[in-house]
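The values are calculated or read from the model by the stated rules, or taken from the named source; none is laboratory data. Source: prediction; values computed, not measured. Neighbour counts are summed over all protein chains in view; Cβ atoms, including those assigned to glycine, are modelled from backbone coordinates with ideal geometry. Keep in mind that these areas ignore ligands, DNA and RNA; they rest on the heavy atoms of the full protein, side chains included. Shrake-Rupley method; radii C 1.70, N 1.55, O 1.52, S 1.80 Å.
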Amino acid sequence: MDERLCCNLIRRYPKALVHIRSQYGRRRFGLVLGSGVSRDFQIPDWRGLLDRIATHDDVQGLELLNRERESPITLADLLRRHFDARMEPVLRERGLDDRAVRSELTGRWLRIIRDLLYKDAPPDSDLEANHPYIGQFLEIILKCGITVNYNFDSCVEMMLSNRQRRLGIPIRQFEVAYDDFLATGVQAALVYHPNGYLPKNVLEGCSSDIVLSEREFNEQMADTFTVRNGFLGQHFAEKTCLFLGLSIQDDLLRAVLRRTARANAGQFHYCVEWIGPEGISDGLRDAIFRSRFDNYNLITLFLTSVQIAVFGYLIQLDQIGRAHV
């Protein structure tokens, strides 16, 4: 790892690094991953996925896509209902009963999403080489107990499996959790997908719902104070988390963070704001920092992709060279 980049980050964020390293060593640290992480795997974001769904031959929803006034969750719901309306008569002609029709429609819908989700993703073996920083966090994922992943895809899990095979480790080092997950006390690391899980490998289990449409979103909102988000609230209250690839625009996440911040005023987390080649103005930087801290107890770190990789490296580094700090 570039020593100059390491020293620069230590000087910029000394308190954050000391705190995160301390919590990581005490096993009181966790990662929270968002769409910005999967974007580097060429996985589309929510809007990009909806664009692909609308143009699929079995959906043909371009007219709905052009309704720009619709929110993404409403558009997703309209596309699903449009798909059902087109496919249901075909299935009825085959003599299927109501239950079989619903099951077939759900299965076809999930297959469409899976195919479009991974359409441009690199081969499984090349995932780490095609991502600028997540490889530096694989060991952290395995050691921090629970990683919350708001993405549907299984790219992180495939990278963990590739790492395990490369190191010749025979026993699976992690588990995947989704739907109404309850902590079981198992010792393996957990990657938890609160919005649903749709792995690339069709032989793997997937969640019963993908939070893509208005129906699933409303069900999640109704669930805010019960099992699923109750677990997230407890997790955020007990662990210091680093949020990667998240813009904090998810209403469900904001609700949980706000409630946790009010109930645990002294607990705060860290959120990486990705900085691209165009940079960011001081005014916008200050506004983002103040808004997230005041509303959600989030301390924002402004980092490029290379700096995110260095940050992951420094979290795990046994000793930081004192002579260069």
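The figures follow:
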{"quantity": "Relative contact order, percent, the chain [alpha-carbon distance under 8 Å, six or more residues apart]", "calculated": "24 percent"}
{"quantity": "Spatial separation of Cα centroids for the stretch 237-302 and the stretch 93-126, in angstrom", "calculated": "35 Å"}
{"quantity": "Peptides 162-170, 240-248, 268-276, 125-133 ordered by average Cβ neighbours within 10 Å, highest first", "calculated": "240-248, 268-276, 125-133, 162-170"}
{"quantity": "Given charges at Cβ of Lys, Arg, Asp, Glu: the chain dipole, positive-most of Met158, Trp109, Thr300", "calculated": "Thr300"}
{"quantity": "Heavy-atom surface of the chain, accessible at 1.4 Å and reported per residue (Å²)", "calculated": "50 Å²"}
{"quantity": "The chain, accessible surface, carbon-and-sulfur percent (1.4 angstrom probe)", "calculated": "49 percent"}
{"quantity": "Theoretical gain in end-to-end length, Ala237 to Asp251 [0.36 nm per residue, Cα-Cα removed]", "calculated": "3.2 nm"}
{"quantity": "Burial order of peptide ranges 17-30, 72-85 (average beta-carbon count within 10 Å, highest first)", "calculated": "72-85, 17-30"}
{"quantity": "Inter-site label distance for Val306 and Glu104 at 7 Å from Cα along Cβ, in nm", "calculated": "5.6 nm"}
{"quantity": "Efficiency of FRET from Cβ geometry, Asp45 and Val90, R₀ 41 Å, rounded to 0.05", "calculated": "0.85"}
{"quantity": "Fully extended contour minus Cα-Cα distance, from Ser291 to Asn66, at 0.36 nm per residue", "calculated": "77.7 nm"}
{"quantity": "Normalised per residue, the volume of the convex hull around the Cα set of the chain (Å³)", "calculated": "160 Å³"}
{"quantity": "Stokes-Einstein D for the stretch 93-202, Kirkwood Rh over Cα pairs, 25 °C, 0.890 mPa s (µm²/s)", "calculated": "155 µm²/s"}
